[in-house]
Structures are given as C-alpha cells and as structure tokens.
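To start, the structure under review is shown below, and the notes come after it.
Bear in mind these aren't lab numbers, they're just calculated from the coordinates by the rules spelled out. The structure presented is a predicted model; accordingly, all values stated were derived computationally and were not measured. With ideal geometry, Cβ positions are generated from the backbone for all residues, glycine too; neighbour counts draw on all protein chains shown.
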C-alpha cells in the first residue's frame, strides 16, 4: 500500500498476510476468526487487506460467503458495472484514464450496504489502485465554512431515461422494467419521483454526514462531489452545461433547499478526500474488505487490463 504525502495522516488499513494466518487458506482463516471476530476486527481497523492467500476466481465464492453472508444486489446504483454471478459485480466500468473520487457506496440511497468486499482477478499493468479514506478524517479536513454549509443536508436529483439518453436507464438502475416495483422501492426510500415521456425524475433529500452505529464516529457521508458537474473536471462540466441545463443532467445535487452548491466547495471536498486517501495497490488474489460507513473508496487511473470484482452486504 502507498499513501499520499500528508504529514498528519493517522490511519491506514490493516493488512493480513497468509504467513500471519499460518499458511491456511483465506476461507479457513476467516472461519477461525468467526463472524463476530471479523466484525470486531473490521470495526477497529475500518478496512482490511488480505494478501498472499492465493485466492482464485474458482475459490473466491467461499471467501465472500465468510466476508459477506448476505450479498445484496446493486439496485439504485448509479455507476456502470456488470453482474458477474449472483450478486457479484465488476467494479465501476468508468474510463480507465479517469480518477474516481472518494465515496461511500450507495450513500445517496435510503439504505446502503454496511460492507464492501473487492477481489483482484487481474491487476493493471500500472496504476489502478483503490484509494480508501477514513471518513472521520475527511470530515475533519474540510473547512468549517463547508461543513456548516452542508449541515442542512443535500438534495440528489436523477433524470433516468427510458433506454435512450445520457447515463443509465431507469431499468438498469433499478434492475427491473416494472414501474410499479420501482415506485414501491422509491416509496420505501422516502424519495420523490415523477414519470415523464422519456423516463423518470427522482429527488432525494439526504444528510451530508452520518454516525457509525457501533463506534459513534461522525463521518463525511455524501456524494456531492460526484453528482456535481464541478467534481467531474472543467472540460466535462462545460460539455454538460453546453448540452443541458443543470436540472436536466442525468444526476445533479443541490443544498436541501434547492440552492446551488458552489463549485469551490465541491472541488475542496473531492481534492481533500483524495489527498487523505491510502492507496491499496492491487496484486492478483488480493481481497479488500471495508466498512462502508467508516471508510470511503475510489479508483486511480490505470493502463492495461484490470478486473476487480465487488460485492456488498448489509
């Protein structure tokens, strides 16, 4: 693992090697730990890297069964990915030349997974690390002005097309083509929605921070920088603004009362999360387990082929 050059860094994931486990396979080692032991270890360290266990595509299923006993579908997910098998997916299929900024999975939804597990099937020729960041450190790194501005929460807006348009369709997003099922999901999510001739518009009011249910740690917990055009970079943002007004973007975010979030706030959030992040540099067979509240993650640019699989659980 490598770290960004930040003098006051106070956290790094816990690495567990096959030698430390006495040479046992990872599934067996996790069985020795037990479900409670694994939970305690993850809560204490926030992220765990299992290295040198020789996990293969054929042997990853029993490992995931130990790490994530109740794997969840990626319903309402906004990033492009492919279902590999069951509730096991490819990691975000975003162009490899771009950085994916720090975020907690599905934290814009009413319910989010408690854990994520990543498995390295193919490591990139260069780059491609998965950066992880302590959400409490990220929150503390932001200027008081920014933290105060977000205290009232934020509003996420999605414009999901019916099969033709920018971004994901509502069918892909909700993994169904049944409108009634989508409406049931959104009602349970305390979201607002409106069907139009070309798809559906979804609006969700959410908090910008949350507290961990066990440790009580307060963490930065929103995707304002990923949903705001300023977080995409000047060139991409300009292209969007040239095509559409903000209220028609595939996804957009404002403060809770609908007022715009300043670009400078968004770039500060994005940049400080990435500056604080610790890079998990992948080797084939590595497994990364993270607490999805205490820890945010992202992706560094890469060259060559890279295949990281991900699963999530409650």
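Ranked by Cβ crowding within 10 angstrom, fewest neighbours first, how are 91, 305, 169 ordered?
So the residues, fewest neighbours to most, are 305, 169, 91.
Label the stretch 109-175 by shape, choosing from rounded, prolate and oblate, from the square roots a ≥ b ≥ c of the eigenvalues of the Cα gyration tensor; if a/c is under 1.5 it is rounded, and otherwise prolate applies when a/b is larger than b/c, oblate when it is not.
oblate
Quick check: residue separation of residue 151 and residue 257 times 0.36 nm, minus the Cα distance between them. What number comes out in nm?
Answer, rounded to one decimal: 37.0 nm.
To the nearest 500 deg cm²/dmol, what mean residue ellipticity at 222 nm is calculated for the chain from DSSP H runs of n ≥ 4 alone, each contributing -39,500 (n - 2.57), summed and divided by the residues?
-7500 deg cm²/dmol
Going by how many other beta carbons lie within 10 Å of each one, how would you line up 177, 134, fewest first?
177, 134
Assign one of three labels to the stretch 139-271, namely rounded, prolate or oblate, based on the Cα gyration tensor with a ≥ b ≥ c the square roots of its eigenvalues; rounded applies when a/c is under 1.5, prolate when it is not and a/b is larger than b/c, and oblate otherwise.
Cα axes put the stretch 139-271 in the oblate bin.
At a Förster distance of 45 Å, what's the computed FRET efficiency of residue 10 paired with residue 122, Cβ-Cβ distance as r, to 0.05?
The formula returns an efficiency of 0.85 here.
Give, in nm to one decimal, the length gained when the segment between residue 284 and residue 143 is fully stretched (0.36 nm per residue of separation minus the Cα-Cα distance).
46.9 nm
With a 10 Å Cβ neighbour count serving as the proxy for reagent exposure, in which order, fewest first, do 115, 206, 14 appear?
Result, fewest neighbours first: 14, 206, 115.
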